[in-house]
1. Using Cα springs under 10 Å in a Gaussian network model of chain A, which residue among A:L199, A:L69, A:L236 shows the largest mean-square fluctuation?
2. Between B:D33 and B:K370, what's the calculated FRET efficiency when r is the beta-carbon distance and R0 is 45 Å? Round to 0.05.
3. Can you work out ³J(HN,Hα) from phi for every residue in region B:72-83, in order, using Karplus 6.51 cos²θ - 1.76 cosθ + 1.60 and θ = phi - 60°, giving whole Hz and x for Gly and Pro?
4. So if a site counts as exposed when it's one of the trypsin sites (Lys or Arg not before Pro), its DSSP state isn't H, G, I, E or B, and it has at most 12 other Cβ atoms within 10 Å, what's the longest stretch of chain A without one?
5. Are there trypsin sites (Lys or Arg not before Pro) in region B:155-263 that DSSP puts in a loop and that have at most 15 other Cβ atoms within 10 Å, and which ones?
6. Report the label-to-label distance for A:K113 and A:Y204 in nanometres (one decimal), using points 7 Å from each Cα along the Cα→Cβ vector.
7. Using the C-alpha atoms of region B:1-130, what convex hull volume per residue, in cubic angstrom, is computed?
8. At what distance in nm do the modelled label points of B:K61 and A:D229 sit from each other, each positioned 7 Å from its Cα along Cα→Cβ?
Amino acid sequence: MSTLKVQNLSVYIEDKPILNDFSLEIPYGEVHAIMGPNGSGKSTLSKALAAHPNYDIRNGTAELDGHNLIDMEPDEISRAGLFLAFQYPIEVPGVTIANFIRAAIQARMEESKLFKAVDYYKKLYQKMDDLGIDRKFTARSLNDGFSGGEKKRCEILQMAMLDPKFCILDETDSGLDIDALRVVSAGVNSMRSSNRGFLVITHYQRLLDYIVPDKVHVMWEGKIVRSGDKDLASELESKGYDWIKEELAA
Amino acid sequence: MIKTNPIEVDREKGNFHYNTDYEFDAGIGLSEDVVRYISGVKKEDSWLQDFRLKALQTFEKKRLPTHWATNDLENIDFDVIRYYLSKGQMPSRTWEEVPDDVKSTFERLGIPEQERKFLAGVEAQFDSEAAYSRMKDDLTEKGVIFVGSTEGLKDHPEIFKKWFGKVIPTSDNKFSALNSAVFSGGSFIYVPPGVKLEQPLQAYFRINAENFGQFERTLIIADEGAEITYMEGCTAPKFETSTLHSAVVELVALRGAKIQYVTVQNWSNNVFNLVTKRAMAHEESEVRWIDCNIGSRLTMKYPGVILRGRKARGEVLSIALANDGQHQDTGAKMVHAADETTSNVIAKSVSIGEGRSTYRGLVQMPGHLKHCKNNTECDALLINSDSQTDTYPAITVQGEDHSVQHEASVSKVSAEQIFYMQQRGLSESDAMSMCVNGFVNDLIREFPMEYSVELKRLIDLEMEGSVG
């Protein structure tokens, strides 16, 4: 059984096809990486699965843990267990991190259940300490005026607090220095478990030294053109994407 | 989102109506006879009747301010409004004595409950007159007066007459003249020197009858070193026809006094809310208007402070929410009339759907004064592409010695923000509501706690219907 199963997905932006007959299956407990040059459709995949309104899904299916994601609202998809760590997290002035994560957790709770604020803050502070985020950040407005590294840590913090079934990390390594990369990767690794799946989207092999994937896929013009184990990432790093392009042309 | 709300008030809450028999009814339309009738019911002295009749002439002479304000004002039909309705009894001192139909209304609005929880005194006005008025006994012993305007005039004419109409002259504008002609109800408050009220006094204004115009008149005097917080709330049922609410509120802060005046305006969308509010701030006194406008069809209200004593301080904190079919035309007036006076205006408006919010600010600092300061910030948030906002600041500063700061901003809730928040599991309307609450948050923190909770709740409810 798989957490995420995508079949024959075609996605358009303003009538331009970006994903073309795309298929991918990620079983529980596995971490898959997607690599590929700019414009190959990696971010489109993540946004389309999260039901961003600008991405038009014209064909195919996407299932998460038995839920049909097509035609679900973005918040329903989130509550069904899909978490997307954004490449560019959005600034929301005036909404504090603590209140935002709290609201997100409450959105998942049954009406009858009582929110336990003490337990919540205990967990929040623990995760913040793990990720090297100053506790004062609870009162900061969400992503507002954060550095690139702070934004990415904040994404992983939200992911850790919401306990999703499936996580997509969209270029989480971009804009991170080596120390931040270590901390963020450790945060992700600590969440790896037999009942959670991960899709890691990245340009560089560097991130995959820290978050070691079970499988690596190479994306090209809206499709997966090659799959392999973690060694494929190293091969790409040394040979570049042109190698794949040439093979495809042949 | 915010689930803990001690005060349950929402936009629909006031939308109910019990049939009521009135003992006194001035009939439909406005005339000298109507003014004489009102004055007669109240058994007023002749000076006051003359004052009213003169005000009526002023009202008739003055034009609607449509050369600068919205043409929607022309839709007010002064000939179909009922100007006075009452049961003809003095306000009760206990809720038991309040007639059942009126009592049920206020119970449904939660007023007796709030009184028990956190208020030092309550006045509850039903159409033209107060049905209930009571203050804690220890305040009476300290010499605090908290009654309706009719009682105030009768029992305390020496204080009332001294300040009545002195902060806002009859001829200030067409609607202050109308109020001066037909006013009834409102609060009269006097706080003796050095007396500091720890809990707020509250007035609640309820329009019950259709086509009824409410014209309360409030006068608050804080004597030297006195401190008071006054809060007012208001609701009306949703009628098909439009209704007029036109109050005049005058505040006098004597040397070293502090007055905080909080309004949560939640009229139904058929109410024209045209209110004149102004304070006179003497030496080293502080006046703060906290003004929240959520309801009404059209609100025009610019609370002002005349800073006439050295080191006086005036402040307006204003929040306006304009939804479909609403125009919130609000702002502030700060008239510096003494040295070293300071004023601060922070106005935030949110326009939702086809709602429109307008900020009008006036700051005056004449050249002969020294070391005056003003800070004005007005921020607008637009929710939809049809939402509208406009800003008209009028700042007149003469002389070298003053400091004036004006900042304005307009922002829009973006689709990317909503998507991001939805990706974490919040519904679209919860996400909107969080953005709006985030926008007004730093201002709401300044409010008395009981009101900030109510206001957040009201904002959440407003946003629920705004996403489609």
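1. For chain A, modelled as a Gaussian network with Cα springs under 10 Å, the answer is A:L236.
2. Working: r = 53 Å, r/R0 = 1.17.
Approximately 0.30, to the nearest 0.05.
3. With the stated coefficients, region B:72-83 comes to 4, 4, 5, 7, 7, 9, 5, 7, 10, 7, 9, 9 Hz.
4. On the way: sites that count: A:K113, A:K116.
Between the exposed loop sites, the longest stretch runs A:117-250.
5. Values: sites: B:K161, B:K162, B:K166, B:K174, B:K196, B:R206, B:R217, B:K238, B:R255, B:K258; in loops: B:K166, B:K238, B:R255.
Here the trypsin sites (Lys or Arg not before Pro) that fit, given the DSSP loop and packing criteria, are B:K166.
6. Using points 7 Å along Cα→Cβ, the separation is 3.9 nm.
7. Working: hull volume 24.9 nm³, N = 130.
So the per-residue Cα hull volume is 192 Å³.
8. According to this spin-label approximation, the distance is 9.8 nm.
Coordinate-derived values only; no laboratory data. Here the structure is a predicted model, which means the values were calculated and not measured. Glycine gets a Cβ as well: all are built from the backbone with ideal geometry, and neighbour counts include every protein chain shown.
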